[in-house]
Amino acid sequence: MILQSMTGFSRAAAEHDGAAIAWELKSVNGKSCEVRFRLPPGCERLEPQLRQAVQKRFSRGNIQASLNVTRAAGALVQPVVNEAFLKDLAGLAKRLQEQFGIAPPTADGLLALRGVLDVPEATETEEQRASFDAAVLAALETALAGLEDARKAEGAALGALLGGHIDTIEALTLRAEADPSREPAVIRARLAEQVALLMDAAATLDEARLHQEAAFLATKADIREEIDRLKTHVASGRALLAGGGAIGRKLDFLAQEFNRESNTLCSKSNAAAVTAIGLELKAVVDQFREQVQNLE
């Protein structure tokens, strides 16, 4: 399966029976699939079907869908003038002018009076309505396909970027594993030096107990488990990227695991070199998690 980003944009246009249909879709990050429609008057009845079409394709992302319908001039409903009523009003206005000197009425003033000009509602058969609805849905499917292509293109770029971050995490993990400070002989020498300093400073210290505590601290400072878990997480991340699909949430959880192991590695480190590696790990993990937020 292919990775998808949650961001994208697309347009689609179609013609139907003298009407121009245009869709514009915009998608941004979101925890789930949320759709907001902007529909012209008369198209609200289509919203349930339109929403179902969007949610069938996408599982995450905030999507704004705007529909614009422009009808041809010939398809517009022509207004009807009530000429008899208009004639009566004109006669009345003329008498008022003659009797009281009132200014003569204008044509647009008379036409603006209620009952003079009537715009009848458009009549549409069930077949015509069904045909128009089908055209709107078909245009939306075209726009959704374009949005899906845009999200896949960005998803491919994100996949390559995330794969690079995982490679860097693996390289840093291997550096920490191979660091000379983790060699048993180096650890023993450092502990022996610290024990000797303590024994010189306080002759009353129990040497056996001191060696026992030193051994405990050396065990506690071992980062073998953290390195093993980081390697496991690296393998999991690569498997998820290879499998594709809607893996954004899984990778976000994996980023939290990467961060936890990096923090523990830094806290348990007893060498400056390993601490530096841990800090680099944390920086890469932050970048990894930031990019994961854009993935479906």
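The values are calculated or read from the model by the stated rules, or taken from the named source; none is laboratory data. What you see is a predicted model, and the numbers here were worked out from it, not measured in a lab. Quick reminder, even Gly has a Cβ in these numbers, built from the backbone with ideal geometry, and neighbours come from all protein chains shown.
What the table shows:
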| quantity | calculated |
| --- | --- |
| Residue check for Ala171: in the same structural domain as Arg71 (by TED's automatic domain parsing) and either among the β-branched types (Val, Ile, Thr) or at pLDDT 95 or above (or both) | no |
| One residue from Leu162, Leu158 being assigned by TED's automatic domain parsing to the domain that holds Ile247 and closer than 30 Å to Ala272 by Cα | Leu162 |
| Unique match (being within 48 Å of the chain's Cα centre (by Cα), farther than 30 Å from Ile166 by Cβ and at pLDDT below 60) among Leu210, Leu217 | Leu217 |
| Those residues of segment 257-267 which are of a type in the set (D, E, K, R) and surrounded by 17 or more Cβ atoms within 10 Å (Cβ to Cβ), in sequence order | Glu261 |
| Any hit, segment 118-127, residues being more than 23 Å from Cys43 (Cβ to Cβ) and modelled with pLDDT under 90 | yes |
| Test: residue in segment 187-194 that is at pLDDT below 85 and outside any helix (DSSP H, G or I) | no |
| Flag for Gln52 being assigned to a strand (DSSP E or B) and over 22 Å from Gly244 (Cα atoms) | no |
| Selection within segment 55-67 - in a strand (DSSP E or B) and surrounded by fewer than 18 Cβ atoms within 10 Å (Cβ to Cβ) | Asn62, Gln64, Ser66 |
| Residue match in segment 73-94 (condition: within 22 Å of the chain's Cα centre (by Cα) and surrounded by 17 or more Cβ atoms within 10 Å (Cβ to Cβ)) | no |
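Listed here are the residues, each with its yes/no results for (1) in contact with a strand residue (DSSP E or B) (Cβ under 6 Å, 6 or more places away or on another chain); (2) not assigned by TED's automatic domain parsing to the domain that holds Ala134.
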{"position": "Lys26", "(1), (2)": "yes, no"}
{"position": "Leu46", "(1), (2)": "no, no"}
{"position": "Phe58", "(1), (2)": "yes, no"}
{"position": "Thr70", "(1), (2)": "yes, no"}
{"position": "Phe85", "(1), (2)": "no, yes"}
{"position": "Arg95", "(1), (2)": "no, yes"}
